[in-house]
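Since the structure comes first, as structure tokens, the remarks are kept for the end.
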Amino acid sequence: FSQNGLVNIVLAKAGIEPIAWLADEHYSIWTIILLFTWQFGSAMVIFLAALQNVPTSLYEAAEIDGASRVQMFRSITMPLLSPTTFYLTLIGFIGTFKAFNHIFVLRTPSARESVITTSLLIFDNFYKANQYGVATAQAIVLFLVILGLTMAQNKFLGEKVFYG
């Protein structure tokens, strides 16, 4: 996403003016969203592994019974993928609150506060502002928020998980 980076090279070949992805506060947040969307591929690999563990005999039996593809998906695939879906939802949810590394590296002074996250705010208060007490309090509040939301998600979504 730098000025001479791969994305701008592709845009230049298409006849589009290069974009200052990280220097403009309007583009910087979209750059980070694009980066995290790109990382969604790892979840797809986990889903693919889970799909390969679904016994084909269940689909064959459903086909013999006259089930449509939609019915097979709703009655066989979704329940058997529910533990994987629950896990990925839980990990993704926690990951959004902990987002730090990529945003810290991509953050530039010209992006201003458009890319600040809770973990970056805690980092800035601790290391830049030397407000150790404030940063500690923020970290504890972040932990409690993540814990509370994880417990709520576990209660509401955990009931819908089918473990075979």
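The values are calculated or read from the model by the stated rules, or taken from the named source; none is laboratory data. In this text, all values refer to a predicted model and were calculated from it rather than measured experimentally. Glycine also receives a Cβ, built like all others from the backbone with ideal geometry; neighbour counts cover every protein chain displayed. Only protein heavy atoms, including side chains, enter the accessible area calculation; ligands, DNA and RNA are left aside. Shrake-Rupley method; radii C 1.70, N 1.55, O 1.52, S 1.80 Å.
Please go through the range 4-63 and give me each residue that is under 30 Å from Ile91 (Cβ atoms), more than 14 Å from the chain's Cα centre (by Cα), open to solvent by 80 Å² or more (accessible area, probe 1.4 Å) and polar (S, T, N, Q), ordered by number.
Correct list: Gln52, Asn53, Thr56.
Determine if the range 78-89 includes at least one residue that is hydrophobic (A, V, I, L, M, F, W, C), within 30 Å of Leu22 (Cβ to Cβ) and under 18 Å from the mean Cα position of the chain (by Cα). So that I can check it myself, show each step before the final result.
Pass one, the range 78-89, residues hydrophobic (A, V, I, L, M, F, W, C): 78, 80-81, 86, 88.
Now narrow it down to the ones that are within 30 Å of Leu22 (Cβ to Cβ): 88.
From the residues that got through so far, the ones that are under 18 Å from the mean Cα position of the chain (by Cα) too are 88.
Looking through the range 78-89, at least one residue is hydrophobic (A, V, I, L, M, F, W, C), within 30 Å of Leu22 (Cβ to Cβ) and under 18 Å from the mean Cα position of the chain (by Cα).
Assuming Thr77 fulfils every condition listed in (1) under 30 Å from Phe104 (Cα atoms); (2) open to solvent by less than 60 Å² (accessible area, probe 1.4 Å); (3) hydroxyl-bearing (Ser, Thr, Tyr) apart from one, which condition is it?
(1)
Name the residue that is most open to solvent (accessible area, probe 1.4 Å), counting only residues in the range 128-164 that are closer than 30 Å to Arg74 by Cα and of a type in the set (S, T, N, Q).
Taking the range 128-164 as the starting set, the residues that turn out to be closer than 30 Å to Arg74 by Cα are 149-164.
Still in the running and of a type in the set (S, T, N, Q): 150, 153-154.
Details: Thr150: 28, Gln153: 21, Asn154: 83 Å².
Only one residue fits best here, namely Asn154.
Being among the hydrophobic types (A, V, I, L, M, F, W, C) and under 27 Å from Ser2 (Cα atoms), is that true of even one residue in the range 85-97? If you could, list the steps in order and put the result at the bottom.
Taking the range 85-97 first, the residues among the hydrophobic types (A, V, I, L, M, F, W, C) are 86, 88, 90-91, 93-94, 97.
With under 27 Å from Ser2 (Cα atoms) added as a condition, the list becomes 97.
Yes, some residue in the range 85-97 is among the hydrophobic types (A, V, I, L, M, F, W, C) and under 27 Å from Ser2 (Cα atoms).
Might you check whether a residue that is out of contact with any Gly (no Cβ under 9 Å at 6 or more places or on another chain) and at pLDDT 85 or above occurs anywhere in the range 91-101?
Of all residues in the range 91-101, those out of contact with any Gly (no Cβ under 9 Å at 6 or more places or on another chain) come to 91-101.
Still in the running and at pLDDT 85 or above: 91.
Yes.
In the range 103-127, which residues are in a helix (DSSP H, G or I), surrounded by 13 or more Cβ atoms within 10 Å (Cβ to Cβ) and at pLDDT below 75?
Going through the range 103-127, the residues in a helix (DSSP H, G or I) turn out to be 103-106, 109-115, 118-127.
Next, only the ones that are surrounded by 13 or more Cβ atoms within 10 Å (Cβ to Cβ) stay: 103-104, 106, 111, 114-115, 118-126.
Within the range 103-127, Leu106, Ala111, Ser114, Val115 meet the criteria.
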